[in-house]
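The block underneath contains the structure these notes are about, expressed in structure tokens.
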Amino acid sequence: MFLALEERLRTAVAAHIKQRYNVDIPVVIELPRQQEFGELATPVSFALAKELKQAPRQIAMELVGKLTDIPGIASIELAGGGFLNVRLERGAYAQSLRAGESYAADRTPKKIIIEHTNINPNKAAHIGHLRNAVLGDTLVRMMRALGENVEAQNYIDNTGVQVADVVAAFHHLEKMTAAKVVELVDNPDVRFDYYCWDLYARISQHYQNEPDALAWRAETLHAIEADQGDLAEIGRIVAGAVVHCHMDTMYRLNVEYDLLPRESEILHMQFWSAAFEMLKERKAIYLEDKGKLKGCWVMPSDLFQETKQKDAEEEEESKFEESKVIVRSNGTVTYVGKDIAYTLWKFGLLEGRDFHYKQFRSYPSGRVAWYSVPDASDPQTPRFGKGDAVFNVIDTRQSYLQDVVKAGLQCLGFKKVAENFVHFSYEMVALTPRCCAELGIELSEEDRRRPYVEVSGRKGLGVKADDLLDMLIASALQEVSSRHEQLPYDERKKIATQIAVGALRYFMLRFTRTTVIAFDFQEALSFEGETGPYVQYATVRARNILRKFEATGESMPDFDAELTPAVLASQLENEDFWQLMLSASRLHWVVQRSINAAEPAQLARYAFQVAQTFNNFYHQHHILKEEDPERKVFLLWMTQFFLKELTAVLDVMGIEAPRVM
RNA sequence: GGGCGCGUAGCUCAGUUGGAUAGAGCAUCGGCCUUCUAAGCCGAGGGUCGCAGGUUCGAGUCCUGCCGCGCCUACCA
């Protein structure tokens, strides 16, 4: 609703400017800094002043006189040096909200592929992976809220170095056969992903101490690629079991997937050979015949890096900018090469190549996660891939590689496609030195002086996702139990879990993508202030009002009959009421803005602000004690409206609204 | 060396594609529970927006230079 009004205003102003001044300038619509200024504002007169060489205030005055009769808008006023402040028709606005007019996309949905999570299936998920999954899943939900057709993919690198290292560790350090590893997976007393976490740290340490052991890695990688023997078998077991662990962990956080494409199938279906032919044909890569990259197929660096002009001397010195190897001299393809092939598939550009699919698991929501298999697709398989746009949620450290992939698309002549290939990057989650101390991790003198230390799977340095979630649940459960002793344990546990997930998802979302999260237990475990539970608590308060009202024996009024446009208009003269309703009605507008800005943190911030507005309102107006019957009916409807809207906001963030708290 | 990013209150962070008086949370101090749940509300103190120039009606935001910090710059992924 708000989104539609903003759009209407923008169009009207732009049309008028075009007609009267014959100027095409972008009309910026913003929220006024202070609410007394109205609901919307535009500084367009300033931009126009520059264009027309006239005083902004003069232009603004002319505009005010002409911009009348825009439906839904009560007035436009001149303010300051030339701002146009816009006030909405409160009654009409409320009327449309009450009638349940909601956002409806008036365009055909686009197919959007969002890849996120992508954890190497060789160890438990940690807090860094959580940021990825929460950002990715929230992006998925935001796009769906705007009506897009979204496919959530979680890419499984089950044939890479990381899996190989753990496989080698099982074989060489643990002396386990494939059968023994299966026993371990089936042992209910062992958390397999945690076991692998420790094992991975162990073998990484072992490689450091005895570099000769690195031969194990090569041997294992070879076995996995050839898909033969006990090592390959262990590889399948490890990757398969750990993926299940990750899926369980993510499901605890309300994260669901549509498709798990696996690297083994990208190899098996020979996506690469098709991509290789395309790249060679388009001369995007060439066979290096000299220097240290002799024998490799490489992509020249100028294709994916913008470099300044340099004189010969500098060129001589520059040993850092080199071509990117796509195919190694031994003929094997690098990760980037595979990713180019996979990206081509995502856009439906790998003709004649597709995965085969089977069901991986189904969720209680009804969604089914599929995964790629080497042969024999399930006949029920939906259509995967062929995206209009692709978002890769990958941390910023991989920007370089994502640039190479994008350059690959451009070189192949897919310019438009490359524009719709988005690296949705974000900064890492690091540990504060204090956090390391709490975990009992010894740091070097140098690291202790840093603001934060990078999480490292190789070093086993990190906070596991499930551990953090367990801590949050335990903490929330204590609080819930102290407040609701009489509730059955299962119920309390369920609420505690909702609160824990709310706290965790909100924590991961409230930072903008470019901010390094220096993880701190105290901050992450907080349920007060700008947190998920604060927002959840506001919904519980609203729910309590409605519940208490019904407990008095009164039945809910017939809002349709009682809340006439005149009643709405008169009640909304109260500024508090108007601000709350306005604030709660902006979800789609905020989602659209968050997507435009590529910044889910804006949505989190909005949720907090709406909750804050409600809490303020809650303290000032006692609804159940309201004596004016008309006002009481109105406030009950407002409460209901607020509850519905804030619940919807939380849902876009993947956070549930608990029944009680 | 080059690329990307960051630097805003004691701490952690926002700052709406250049706009109106720079905002939150935490922490500190002071109020508010016989009230629809205090996981809350109200109030106070706290700022050279890293530094120096520039662009303009207007700069925390854009440009240049410098300082500090982080990441990337593999025939690993």
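Cα to Cα, under 26 Å, and not fewer than 8 places away if on the same chain: which lysines meet these conditions relative to A:Lys18?
A:Lys50, A:Lys53, A:Lys66
Over what distance in Å are the Cα centres of the range A:9-41 and the range A:486-504 separated?
For the range A:9-41 versus the range A:486-504, the Cα centre distance is 46 Å.
Dividing the convex hull volume of the Cα atoms of the range A:108-217 by its residue count, what figure in Å³ per residue is obtained? Don't jump to the answer; show the numbers that get you there.
Details: hull volume 14.2 nm³, N = 110.
So the per-residue Cα hull volume is 129 Å³.
With both bridge residues required to lie in chain A, what share of the DSSP beta bridges run antiparallel, to the nearest 5%?
55
Quick one: Debye curve from the C-alpha atoms of the range A:414-499, no solvent, what's log10 I(q)/I(0) at q = 0.14, 0.20, 0.22, 0.25 Å⁻¹?
-0.73, -0.90, -0.99, -1.13
Calculate the length of the line joining the C-alpha centroid of the range A:145-176 to that of the range A:389-446, in whole Å.
17
Could you tell me the convex hull volume per residue, in Å³, taken over the Cα atoms of the range A:456-524? Let's see the in-between values first.
Working: hull volume 6.4 nm³, N = 69.
In the range A:456-524, the Cα hull volume divided by residue count equals 93 Å³.
Using only the Cα atoms of the range A:513-646, construct the convex hull and provide its projected area averaged over every direction, in square nanometres to one decimal.
Mean shadow area of the hull around the Cα atoms is 9.8 nm².
Using a simple charge model, +1 on the beta-carbon of Lys and Arg, -1 on the beta-carbon of Asp and Glu, nothing else, what dipole does chain A show about its Cα centre, in debye to the nearest 20?
980
Which residue, A:Ser301, A:Phe83, A:Leu199, has the largest displacement toward the positive end of the dipole of chain A when charges sit on each Cβ (Lys, Arg +1; Asp, Glu -1)?
It is A:Phe83, whose Cα lies furthest towards the positive end.
Mind checking which aspartates and glutamates have their Cα closer than 12 Å to the Cα of A:Lys548? Skip sequence neighbours fewer than 8 apart in that chain.
none
Before anything else, pin down the relative contact order of the range A:2-88: Cα pairs under 8 Å, at least 6 apart, normalised by residue count, whole percent.
27
Starting from the range A:498-542, pick out the GluC sites (Glu not before Pro) whose DSSP state is loop and whose Cβ has at most 13 other Cβ atoms within 10 Å.
Passing both the DSSP loop test and the Cβ count: A:Glu528.
Want the number for A:Lys50 to A:Asp576: 0.36 nm per residue separation, take away the alpha-carbon distance, what's left?
Stretched out fully, the A:Lys50 to A:Asp576 stretch lengthens by 185.5 nm.
What angle, in degrees between 0 and 90 and rounded to the nearest 10, separates the Cα long axis of helix A:465-483 from the longest principal axis of the Cα atoms of chain A?
Approximately 40 degrees, to the nearest 10.
What does the convex hull of the Cα atoms come to per residue for the range A:2-88, in Å³?
82
Normalising by the residue count of the range A:456-524, find the relative contact order in percent from Cα pairs under 8 Å and 6+ residues apart.
Working: 31 pairs, mean separation 19.8, N = 69.
This gives 29 percent for the range A:456-524.
Could you name the aspartates and glutamates in cross-link range of A:Lys280, using Cα to Cα under 20 Å and dropping any fewer than eight places away on the same chain?
Correct list for A:Lys280: A:Glu288, A:Asp289, A:Asp302, A:Glu322, A:Asp339, A:Glu351, A:Asp403.
Any idea what the relative contact order of the range A:526-652 is, in percent, if you count C-alpha pairs under 8 Å spaced at least 6 apart? The partial results should precede the final answer.
On the way: 85 pairs, mean separation 54.5, N = 127.
Relative CO of the range A:526-652 lands at 43 percent.
Per the helix-only calculation at 222 nm, which mean residue ellipticity applies to chain A, given -39500 (n - 2.57) for every DSSP H run of n ≥ 4 and division by its residues, nearest 500 deg cm²/dmol?
So the helix-based figure for chain A works out to -16500 deg cm²/dmol.
Which of the residue pairs A:Lys338/A:Lys416; A:Lys459/A:Lys494; A:Lys111/A:Lys338; A:Lys386/A:Lys459; A:Lys338/A:Lys386 have a Cα-Cα distance greater than 28 Å in the structure shown?
With Cα atoms farther than 28 Å apart: A:Lys459/A:Lys494; A:Lys386/A:Lys459.
Past the 40 angstrom mark, what percentage of all C-alpha to C-alpha distances in chain A do you count?
41
Coordinate-derived values only; no laboratory data. The structure presented is a predicted model; accordingly, all values stated were derived computationally and were not measured. Every residue, glycine among them, receives a Cβ derived from its backbone with ideal geometry; neighbour counts consider all protein chains shown.
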